[in-house]
1. Name the single residue, out of those in region 202-234 being away from ligand 1 (no atom under 16 Å from the Cβ) and of a type in the set (A, V, I, L, M), that is surrounded by the most Cβ atoms within 10 Å (Cβ to Cβ).
2. Which of the residues belonging to region 1-33 are part of a loop (DSSP other than H, G, I, E, B), more than 13 Å from ligand 1 (Cβ to nearest atom) and crowded, with 16+ Cβ neighbours inside 10 Å?
3. Being assigned to a helix (DSSP H, G or I), charged (D, E, K, R) and under 24 Å from the mean Cα position of the chain (by Cα) is the filter here; which residues of region 147-165 pass it?
4. Could you tell me which of the residues Val247, Val235 is over 15 Å from Val127 (Cα atoms) and touching a Cys at 6+ places or on another chain (Cβ under 7 Å)?
5. What number of residues within region 166-187 are of a type outside the set (A, V, I, L, M), part of a loop (DSSP other than H, G, I, E, B) and surrounded by 16 or more Cβ atoms within 10 Å (Cβ to Cβ)?
6. Among the residues of region 116-150, how many are within 25 Å of Leu22 (Cβ to Cβ), more than 14 Å from ligand 1 (Cβ to nearest atom) and not hydrophobic (A, V, I, L, M, F, W, C)?
7. Among the candidates Phe226, Phe249, which residue alone is away from ligand 2 (no atom under 15 Å from the Cβ) and among the aromatic types (Phe, Trp, Tyr)?
8. Every residue in region 188-240 that is farther than 18 Å from Leu170 by Cα and assigned to a helix (DSSP H, G or I), please.
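Read-outs: derived from the displayed coordinates by stated rules, not from any lab. In this text, all values refer to a predicted model and were calculated from it rather than measured experimentally. Glycine gets a Cβ as well: all are built from the backbone with ideal geometry, and neighbour counts include every protein chain shown.
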Amino acid sequence: MKKRIAILGSTGSIGTNTLDVLSAFDSGFEVVALSCESNFGLLARQARRFRPKCVCIGDGVRDLSLKRSLPSGVRIVSGCEGLREIASRGDVDILVLAISGMAALPPLVEAVRTGKRIALANKEALVSAGPLIVKLAGKNGAEIIPVDSEHSAIFQCIEGKRKFLSRIILTASGGPLLDISSKKFDSLARRDILKHPKWKMGEKITIDSATMMNKGLEIIEAQHLFDVTEDRIEVLIHPEAIIHSMVEFLDGAILAQLALPDMRLPIQYALTYPVRRGGRAAVTDLSKIGKLSFREPDIRKFPCLELARAAARAGGTCPAVLCAADEEAVSAYLDGRIKFSGIPKVVGRVIARHKNIKREGLSLGDILRAGEWAKEEARAICCH
Ligand code: NDP
Ligand code: MG
């Protein structure tokens, strides 16, 4: 039986890598739905190649030529409702969630409600609403398989041994600013900060890698995926980005997953799990790499790491506020409204103003409202 796949965010970095992974398999998978926010030219090309039944476009797309460039009979849906419709379709076995930012939260909720396998690349949704997602997934038999390379590594290392887990060692390449003095951050051009030394990714996550908010969000992501408290998740700088993360067991043994940095490997594993197949991911030659090095992160230089740890400990609506404030601050930086050093400042100020709502059973509405509030606060701070 073919596995039926929907890819939300198919025009992005993870989305296009997912389609590349699928191209390597001549059978076994069928693409049912694709989506973009505004890049409908690429979406139409993907639709002609993969023949989905349905595509979703952003609400802002008004160009009717899309319809003409799609194969006939393809259903077109739009906006948040369209994403939710795809996420809840009965003819989808695996939902690849590759939208960036908190816009992924409503479709993620739909996918867990309808008991699907979710190949989860997006991190902001799980960070914002971890307890709600985990609870709904458990209740409805949904399976969340991480695509984020660190979490895929952890998932692969703890398979069958989860109850003996003592500590997670989350590796970080350190991003483009690892060896640059923080005094120079604001004088760097945006295009240089957008040049990640190891990964080619979308703009939001690349800026998050530069501030190390990405690693902070990954701490919270790991908390929910693997049911561990923040104090048992260590961050370790590993500039070569060959070890994608490690786990330590009760007896002190450490297991790691290694490979060249290539997202096609964790994407493929989330699609084929528990089976492993040959595919398109690059072959790793350790003798060419020579050495692997490690160091501690500099938390004074990268304050976002500590902001995220504090949000992880606080729980409640705090992680959603962290995510939303960061999303707004990154967008303000990319638009030239604030300096690079303003990103952690904006996030810190929004969190300081937030009255955390912490109770059992926070609803999706509570979380979305906290996120909207945080975005408005961050926008106001960015204007002054
Ligand atoms: P990209 O920016 O490359 O792609 C984002 C995708 O989502 C595009 O298809 C985009 O459409 C669509 N999109 C953007 N905003 C919205 C919105 N508001 N509503 C609906 N669709 C939207 O991002 P990445 O592929 O790099 O990252 C996607 C997610 O995966 C992020 O959460 C990131 O943190 C996570 N991730 C990414 C990794 C990577 O290697 N890239 C690694 C680990 C995690 P359009 O093209 O039309 O703008
Ligand atoms: Mg990652």
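1. My answer is Ile233.
2. The answer is Phe25, and nothing else.
3. Matches in region 147-165: Glu150, Arg162.
4. Val247
5. Total satisfying the criteria: 4.
6. The qualifying residues number 4.
7. Answer to the check: Phe249.
8. Those that are farther than 18 Å from Leu170 by Cα and assigned to a helix (DSSP H, G or I): Arg190, Arg191, Asp192, Ile193, Glu203, Lys204, Ile207.
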